[in-house]
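Visitor: Next up is a structure, given as structure tokens.
Bear in mind these aren't lab numbers, they're just calculated from the coordinates by the rules spelled out. Only a predicted model underlies this, so the values are computations on that prediction, with no experimental measurement involved. FYI the Cβ positions are ideal-geometry reconstructions off the backbone, even for glycines, and counts take in every protein chain you see.
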Amino acid sequence: MTDIQLKLDNIDTFYGQSQVHFGVSVAVPRGEIVCLLGGNASGKSTTMKVILGLHKPRSGNVVFEGQSLMGLSTAQIIRRGIASVPEARRLFSDMTVRENLLMGAFSRPDGDGIKADYERMLELFPRVKERLGQRAGTLSGGEQQMVAMARALMSRPSMVCMDEPTMGLSPLYVDKVLELIRTVNEQGVTFFMVEQNASLALQIAHRGYVLQTGRVVLSGDAPSLLGDRRIRDAYLGGVLAAETAS
Ligand SMILES: Nc1ncnc2c1ncn2[C@@H]1O[C@H](COP(=O)(O)OP(=O)(O)O)[C@@H](O)[C@H]1O
Ligand SMILES: [Mg+2]
């Protein structure tokens, strides 16, 4: 039986009167990279907020490691082992890169472990190491994405949620970031990754879900999604919308 580490079960989410999720269910198997695909405003970032306890769904359940996360604070959820790299990275731009990394470990009591992980991050992200004393706001988008990833890993998570990790990056950094996600995944960290760019995400993901105006309209393993004509159409809106409407 597959070991499902994170499960979203029949989630309905609203902003005021406006419904964003309609019965969204997603399963993230332990050790995999799972991507949530979908066009602009389909509800991807809201899914991340629901997982992290930043926005409460009206109904449904989020289960992590067999326990519901509903009603927990974001800090409590992070302590359970989920880290996040939010949309647009959200570094503390006036703090140095070093300070940003250490902020990632704020929930940890183990000083020695933090030091070891800090050293490990500098090895994994040599580019970050070169920039330690610099203010994070002065870094390029690609460098900031790496700092955000390293910061997330400083909480020693078992799962990392990333919102549009390749957005706005130069092609060189897109490849680097995807490669780093794959490397960290191979070290045993599960990834749940939100992406508009399906072909990029499916290069590294094991499986994916396609969200369209708040509904999961397609899911499967990466090879079958890559071969699915509707994946392309989903981003143009037309065909998939017509098919689901009929
Ligand atoms: N804080 C908010 N208040 C009201 N509406 C919101 C808020 N955040 C997002 N929305 C709306 O919810 C829908 C889904 O947004 P979002 O989850 O950010 O989509 P995506 O990440 O797929 O672009 C959009 O129509 C968006 O305008
Ligand atoms: Mg978004």
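Visitor: For region 77-188, give the magnitude of the charge dipole about the Cα centre (Cβ charges: +1 Lys/Arg, -1 Asp/Glu; no others), in debye to the nearest 20.
Guide: So the magnitude is around 220 debye.
Visitor: Right, another one. May I ask for the angle, rounded to the nearest 10°, between helix 141-153 and the longest principal axis of the chain, with both axes built from Cα atoms and the value confined to 0 to 90°?
Guide: Between the helix axis and the principal axis of the chain, the angle is about 80 degrees.
Visitor: Right, next: Taking Rh as the Kirkwood radius computed over C-alpha pairs, what is the Stokes-Einstein D of region 1-116 at 4 °C in a medium of viscosity 1.567 mPa s, expressed in µm² per second? Kindly include the intermediate steps, with their values, before the conclusion.
Guide: Working: Rh = 15.9 Å.
So the translational diffusion coefficient is about 81 µm²/s.
Visitor: In addition: Give me Rg over Rh for the chain, both radii from the alpha carbons and Rh done the Kirkwood way, two decimal places.
Guide: Numbers: Rg = 17.8 Å, Rh = 18.4 Å.
Looking at the chain, the ratio lands at 0.97.
Visitor: Treating only the Cβ atoms of Lys and Arg (+1) and Asp and Glu (-1) as charged, compute the dipole magnitude of the chain about its Cα centre; round to the nearest 20 debye.
Guide: 380 debye
Visitor: What angle, in degrees between 0 and 90 and rounded to the nearest 10, separates the Cα long axis of helix 111-124 from the longest principal axis of the Cα atoms of the chain?
Guide: Taking Cα atoms only, the helix is inclined about 70 degrees.
Visitor: Nearest 5 percent is fine: what portion of the DSSP beta bridges confined to the chain is antiparallel?
Guide: On the way: 22 of 40 bridges.
Taking every DSSP beta bridge within the chain, about 55 percent pair in antiparallel fashion.
Visitor: Testing the spin-label approximation: label points 7 Å from Cα along Cα→Cβ at Glu123 and Gln187. State their distance in nm.
Guide: The answer from the label model is 0.8 nm.
Visitor: Lysine pairs, Cα distance under 16 Å, 8 or more residues apart or cross-chain: how many in the chain? Could you put the intermediate results ahead of the total?
Guide: Details: Lys7/Lys44; Lys7/Lys49; Lys7/Lys56; Lys44/Lys56; Lys115/Lys129; Lys129/Lys176.
Total qualifying Lys-Lys pairs in the chain comes to 6.
Visitor: Modelling each spin label as a point 7 Å along the Cα-to-Cβ direction, I'd like the Gln203/Ser68 distance in nm, to one decimal.
Guide: Distance between the two pseudo-spin positions: 4.1 nm.
Visitor: As an exercise, use a Förster radius of 41 Å and the Cβ-Cβ distance of Asp175 and Arg79 to find the FRET efficiency, rounded to the nearest 0.05.
Guide: Calculated transfer efficiency: 0.80.
Visitor: Still on this model: How are the Cα pair distances of region 95-156 distributed, in percent, across 10 Å bins from 0?
Guide: 25, 59, 15, 1
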